[in-house]
Amino acid sequence: MSKEPYDLAAWTSFIPESEIRRLLKYNVPYYFGGGKPGALPIETLAQILIDLGKEQLREIQAGNEERVIDDFNYGPTSGKPFLRKTLANRLIEKDNVTLPSDPPEDDVMITTGSQQALYAMIDTCIDRGDIILTTSPAYLGFLVPAVKLGAQIITVPTDLQGAIPDYFEEAIKLCKKELGKKPEMIYVVPDSDNPKGTTVPQKRREALFNLAMEHHIIIVEDGAYREIQFRKPREKPIKAMDTENKYVAYLRTSSKEAAVLRIGYSVFPPKVHEQINKDKGFLDLCSPTIVQRMLDIYYRDHIDKVLPKALETYKERADIMRKAIDETFPAGNRTDPTGGFFIWWESEDKDFDAKQFLEQVALPNDIIYVPGVAFYPLMGLSYIPERGELTPVERSLNTMRISYSYSPPDIIDQGIRKLGGLLSESLT
Ligand SMILES: Cc1ncc(COP(=O)(O)O)c(C=O)c1O
């Protein structure tokens, strides 16, 4: 084999391609893979584009070209003030988030997707070897960058209500005792987690916040599915307790609630905000201005009118998937989402390998899901409460994340029943 005349960075040899990105290339009829939104307000967005374009033409004809040039230009790294203001108002009104800066929108930063905020958060707060505590399983778009950037990840078991604060507390104490240092960061998705679809109850949110205060750890609260909640009233974000903007980095995104326009919006404690802004400057200079204009109109005038319909669509799809699983899958357990895009299923057969089954049975039968193994870190430790120990990371191979967000109801019903039949044949 010919050798390249130059070396690639070390991480390229041990960080594989994202399992979800890899699976995106399969275009199968029964698609339960990536968390692609399937109920987007396309008519509203098309109308916003038309109105915006017409307004720009009027401005050009009136000789105000510089206003339109601004829409197509570089903007501030932290995002355009008009969009930050609109989103700040929404965070305050709908989610009781306190933004102590004056004006409050100074606490909101626009990023290129919340994925960029996650990456910049790790890049900014974590040195090689620093410990991050997170759930087992966890969003792979957080886990993989964290490993890439040298974090030591410790996973903590979850139940049907997601993160368990007592286990986090025990893990923090064990880190101090056995590894000689405290964790620097806790990463959680309290509203309809990716991958499990679980929602953390209020009391647990309070306990997690208290842990962060007591042990001086920053919580990264990823609210990607915050607006995609079928059950009302919603729990309050952990961020709502952080009235001084000190302990919680709150990450939100337009991707699920508006469209995949690559705009995230976050509230970081001021010192973190400053450094993330610097980092974002290196990553992409700024997020696209014209898209910020579109989303400003969407969040000011449309979201509350169109979101209820999308929520109905997702709820209907989740209900159909639940029923089809219950009627056709072999012995196992599933989660019961009250929002978000995913159901997590675990076979009772501990020897079942969902990744192998995907390659050998599901894909040839035109079905795609994401094997649960993708949602555990490549390396790191797991806290095992029964033994009070940290062990090399444990992964559950007998699990799968099944997404109901993208496919229409008849495809979900047929595809999940087909998958259930195939699983039952193989697991009896
Ligand atoms: C939990 C979670 N966080 C963050 C993201 C990234 O979203 P985006 O970069 O589109 O804002 C996703 C996308 O699926 C997600 O599920």
Quick test for you: out of 332, 415, pick the one residue that is surrounded by 23 or more Cβ atoms within 10 Å (Cβ to Cβ) and more than 23 Å from the chain's Cα centre (by Cα). 415
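Among the residues of segment 23-46, is there at least one that is over 29 Å from the mean Cα position of the chain (by Cα), loosely packed, with under 12 Cβ neighbours inside 10 Å and not assigned by TED's automatic domain parsing to the domain that holds residue 193?
No.
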Members of segment 278-298 found to be of a type in the set (Phe, Trp, Tyr) and buried (at least 18 other Cβ atoms within 10 Å of the Cβ), listed by number: 298
Only one of (1) within 14 Å of the ligand (Cβ to nearest atom); (2) aliphatic (A, V, I, L, M); (3) in contact with a helix residue (DSSP H, G or I) (Cβ under 7 Å, 6 or more places away or on another chain); (4) over 17 Å from residue 238 (Cβ atoms) is not met by residue 118, so which one is it? (4)
The residue that is surrounded by the fewest Cβ atoms within 10 Å (Cβ to Cβ), considering only those in segment 101-115 that are more than 14 Å from residue 273 (Cα to Cα) and away from the ligand (no atom under 12 Å from the Cβ), is 102
Just give me the residues in segment 231-260 being touching a Ser or Thr at 6+ places or on another chain (Cβ under 6 Å) and away from the ligand (no atom under 15 Å from the Cβ), in sequence order. 231, 243
Pairs, please: C-beta under 8 Å, at least 6 apart or cross-chain, first residue in the same structural domain as residue 218 (by TED's automatic domain parsing) and more than 10 Å from the ligand (Cβ to nearest atom) and in segment 178-197, second among the aromatic types (Phe, Trp, Tyr) and assigned to a loop (DSSP other than H, G, I, E, B)? 197/341
Restricting attention to segment 141-156, and to residues there that are of a type outside the set (A, V, I, L, M, F, W, C) and part of a helix (DSSP H, G or I), which single residue is farthest from the ligand (Cβ to nearest atom)? 148
Out of 90, 128, 67, report the one residue that is charged (D, E, K, R) and touching a Phe, Trp or Tyr at 6+ places or on another chain (Cβ under 9 Å). 90
The condition from (1) aromatic (Phe, Trp, Tyr); (2) within 11 Å of the ligand (Cβ to nearest atom); (3) over 13 Å from the mean Cα position of the chain (by Cα) that residue 268 misses is numbered (2)
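The values are calculated or read from the model by the stated rules, or taken from the named source; none is laboratory data. For clarity, every value in this text was computed on a predicted model and none was experimentally measured. As a convention, Cβ positions derive from the backbone with ideal geometry for all residues, glycine included, and neighbour counts pool all protein chains shown.
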